[in-house]
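Below: the structure, in structure tokens.
The values are calculated or read from the model by the stated rules, or taken from the named source; none is laboratory data. None of the values given here were measured: they were computed from a predicted structure. With ideal geometry, Cβ positions are generated from the backbone for all residues, glycine too; neighbour counts draw on all protein chains shown. The area values use the complete protein model at the heavy-atom level, side chains included, leaving out ligands, DNA and RNA. Shrake-Rupley method; radii C 1.70, N 1.55, O 1.52, S 1.80 Å.
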Amino acid sequence: MRAVTMRRGHLELKDIPEPPMSDDHLLVEPLSAGVCGGDLNAMDHADDFLHASRASGTTLFLFDADRDLVFGHEFTARVREVGAHVEGYAAGDVLLVSPAVIDPAGVVHCVGYATDYPGALAEQVVVSPYGHVRIPAGVSPYDAATVDPVATGLNGVWRSKIEPPAGAIVTGCGPVGLGAVAALAERGIHPIVASDPSAARRNIAAAFGAHSVVDPAEDDPVDAWRDLADADQRLYVYEASGKPGILDSLLYTVPSYTRITVVGACMVDDPIRPIVGIYKNVTIEFCVGMGPDGEEYPFAQTFERIADGRIDVTKLVTGYAGLEGVEEVFAHLRPGNYRDIEHVKILVRHDIDGPGIHPPDGRLGSAVPPSGHGAASSPPA
């Protein structure tokens, strides 16, 4: 089967063996996959990425950096084969996929970060039969692949337990930050200030409900928030950029009793001066997955908000590509100058043939192609 492999920062489209299927698995054909900030980090900072997993005891994302890896953990798919011991699924089901797979030794892996279990930048993926969400007719089986990063932003907001009359700042307006903006707007938080170097991303943050958007190279988001906030209003910050230095800078600029929730992954050592936060009674929480009291990760809840239109992800899907265009996708998402970023989420669709990134203007269609589709055709010019 065809797949885009990554090894030591190099991407290659090639044929690889089909993944190992068992009676306890589902074999699925990916329809659409997102390229995640974690993929960019694993590609550019593989050793730091793996060190963080080992140091934290997180085995879910461990892979062999000297073997081929196939990214793709944010994806939708159609079920091709159901293992003999699996119930509740049938061939043809269209799913928002929960990307976990259990190997024969009982170890759980995240497909896309598992050496022996390719992710959705391959034509076939094996997953365990848990946590998937069926995509009903009328909901795009392609754009639903945006759920996971948006859910990460929602999760940060839900975990912080923010309520009015508090106000908020979101630093970084990729899909995670935009998910946070959407969750804050849903809760009636005012003011919401969103900060990002990219004008395109700032515009989408405003459409998602931010009351003010700023370029941090020109305006301090905390100053912008103070201009809109009441004198005694409490501030919550959602750090979604993952950029080194942001956290330390915030400690100096935010008001006392601010709560900072970190949902953006910084891959390198990022020093702060704790005494500044101590003097100001700042709380910092690092956030991924379920909460400490068993709070559910809002995977299905985010899908519901996308399905019913409360979160319009068509605003953040800025392009589509096929497997031949994956190198271009990575290049567009990590330019040398972050102010030049024009894209937010580029989805890799398996029904697109040829290179290039194509606009999400409706010409590609949204119907699910027949099983065993491969790449159907080039999109219209």
Of every Cα-Cα pair in segment 267-346, the percentage lying beyond 17 Å is 72
Relative contact order of the chain (C-alpha contacts under 8 Å, at least 6 apart) in percent is 16
Ordering 315, 14, 280 by the accessible surface of their heavy atoms, 1.4 Å probe, largest first, yields 315, 14, 280
Computed for segment 21-173: size of charge dipole around the Cα centre, +1 on C-beta of each Lys and Arg, -1 on C-beta of each Asp and Glu, debye to nearest 20, value 540
Dividing the helical contributions, -39500 (n - 2.57) per DSSP H run of n ≥ 4, by the residues of the chain yields a 222 nm value, nearest 500 deg cm²/dmol, of -7000 deg cm²/dmol
Across 5 Å bins beginning at 0, the whole-percent shares of Cα-Cα pair distances in segment 1-152 come to 2, 10, 20, 23, 21, 15, 7, 2, 0
Computed over the chain, the Cα gyration tensor eigenvalues, each multiplied by 5 and square-rooted, give semi-axes in Å (largest first) of 35, 22, 20
If each K or R counts +1 and each D or E counts -1, the residues other than residue 115 whose Cβ falls under 11 Å of its Cβ total -3
Residue-normalised value, i.e. accessible area per residue, for segment 226-312 at 1.4 Å probe, in Å², stands at 56
Descending accessible area (1.4 Å probe), largest on the left, turns 334, 2 into 334, 2
Once residue 257 and residue 10 are pulled to full extension, the length gained, defined as 0.36 nm per residue separation minus their Cα-Cα distance, is 84.5 nm
Computed over segment 43-108, the convex hull of the Cα set has an average projected area, in nm², of 6.1
Output for segment 164-236 (equivalent-ellipsoid semi-axes, sqrt of 5λ from the C-alpha gyration tensor, Å, descending) is 18, 15, 8
Here the Kirkwood hydrodynamic radius of segment 122-162, Cα-based and in Å, equals 12.8
Among 284, 346, 306, the residue with the largest mean-square fluctuation in a Gaussian network model of the chain built from Cα contacts under 10 Å is 284
Toy charge model, Lys and Arg Cβ at +1, Asp and Glu Cβ at -1: the chain dipole around Cα centroid in debye, rounded to 20, equals 580
Net charge (Lys, Arg +1; Asp, Glu -1) of residues whose beta-carbon lies under 9 Å from that of residue 262, residue 262 excluded, is -2
With the convex hull built on the alpha-carbon atoms of segment 130-273, volume per residue in Å³ sits at 132
With a 1.4 angstrom probe the carbon and sulfur portion of accessible area for the chain, in percent, totals 51
With every protein chain in place, the accessible area of residue 18 for a 1.4 Å probe, in Å² rounded to the nearest 10, comes to 120
